1. Can you pull out the residues in the range 42-72 that are surrounded by fewer than 19 Cβ atoms within 10 Å (Cβ to Cβ) and in contact with a His (Cβ under 8 Å, 6 or more places away or on another chain)?
2. Got a sec? Which of Arg162, Arg192 is of a type in the set (D, E, K, R), within 10 Å of the ligand (Cβ to nearest atom) and at pLDDT 95 or above?
3. For the range 185-224, which residues satisfy the criterion of being hydrophobic (A, V, I, L, M, F, W, C), more than 15 Å from the chain's Cα centre (by Cα), surrounded by fewer than 24 Cβ atoms within 10 Å (Cβ to Cβ) and closer than 21 Å to Pro57 by Cβ?
4. Considering only residues that are within 26 Å of Leu222 (Cα to Cα) and β-branched (Val, Ile, Thr), which ones fall in the range 4-34?
5. Part of a helix (DSSP H, G or I) and under 18 Å from Ser148 (Cα atoms): which single residue out of Gly229, Gly202 fits that description?
Amino acid sequence: MRVAIIGGTGVYDPGILDNIKELDIKTPYGDALVISGTYNGEEVGFMARHGRGHSVPPHLVNYRANIWALKSLGVKRIIATAAVGSLREELVPGDMVMLDQFLDFTKVRPVTFFEGGEAGVIHQNVTEPYCPQLRQILYDKGRELGLSMHNGGCYVTAEGPRFETAAEIKAYRILGGDVVGMTSVPEVVLAREAGMCYSTVGMVTNYAAGVSTNVVSHEEVLEIMAEHGKNLKELVMSAIPNIPAEHHCSCVELGYDLPGLSK
Ligand code: HPA
């Protein structure tokens, strides 16, 4: 399994995979459920970040088990999806933003595989946290499909599960955030620790609190996902055959051997 998809809010099934199997993977951090299937003859993995029926809130997702499980299956590239709120008028609901940076405002999540002791301590390089090669491939595919794509965007990871205050969003805008969500950190960081290429397609589902006069709600997020989710799935799946075997990035070299696994 070379490529896996982590589906965020509104993307709970792998769509058009054939020969689907459920893999229950035991990890040092707990169990993780990976769906494996084939697409165009290639084995592809799928994981629903929030579990079946969106049952796990963002701050309680077992990010370490999920990434460790994918690594143990041999996955080299992860394409993630995320519903995001827009901090900028020009990022309109339905638009796709290829993330290239993050700001981290999380508070209570395990953030690393390396917690001292036998695992050791590392200080991960995340200068460029999202894989630039995967980002370009997804961006180009989105353009080809006629989607409204943005090549780059800074994702503010809020702790959630509540939405933000208008003051928080105002501050995030000043700091350089473009979109806001609750999950990209620590997922992207753990993928980098594992030496995997990781890219996120953020789908704008709403203007964030105070950016427009609308009232932010989970129902609104789900409504827009239902309307545009087909595009998102089509983008992710159809980009997979365009991913070459060669890496033109440093994601692999920047990673480490994970506790309990060799690279
Ligand atoms: N805030 C945080 N997370 C989100 C939002 C938002 O406005 N929209 C979708 N996920």
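1. Val56, Pro57, listed by residue number.
2. Numbers: Arg192 fails: within 10 Å of the ligand (Cβ to nearest atom).
Testing whether each residue is of a type in the set (D, E, K, R), within 10 Å of the ligand (Cβ to nearest atom) and at pLDDT 95 or above leaves just Arg162.
3. Passing the criteria: Ala209, Val215, Val216, Val221, Leu222, Ile224.
4. Ile5, Ile6, Thr9, Val11, Ile16, Ile20, Val34
5. Values: Gly202 fails: part of a helix (DSSP H, G or I).
So the residue among Gly229, Gly202 that is part of a helix (DSSP H, G or I) and under 18 Å from Ser148 (Cα atoms) is Gly229.
The values are calculated or read from the model by the stated rules, or taken from the named source; none is laboratory data. Every value quoted in this text rests on a predicted model; they were computed, and no experiment measured them. We place every Cβ from the backbone using ideal geometry, glycine too, and count neighbours over all the protein chains shown.
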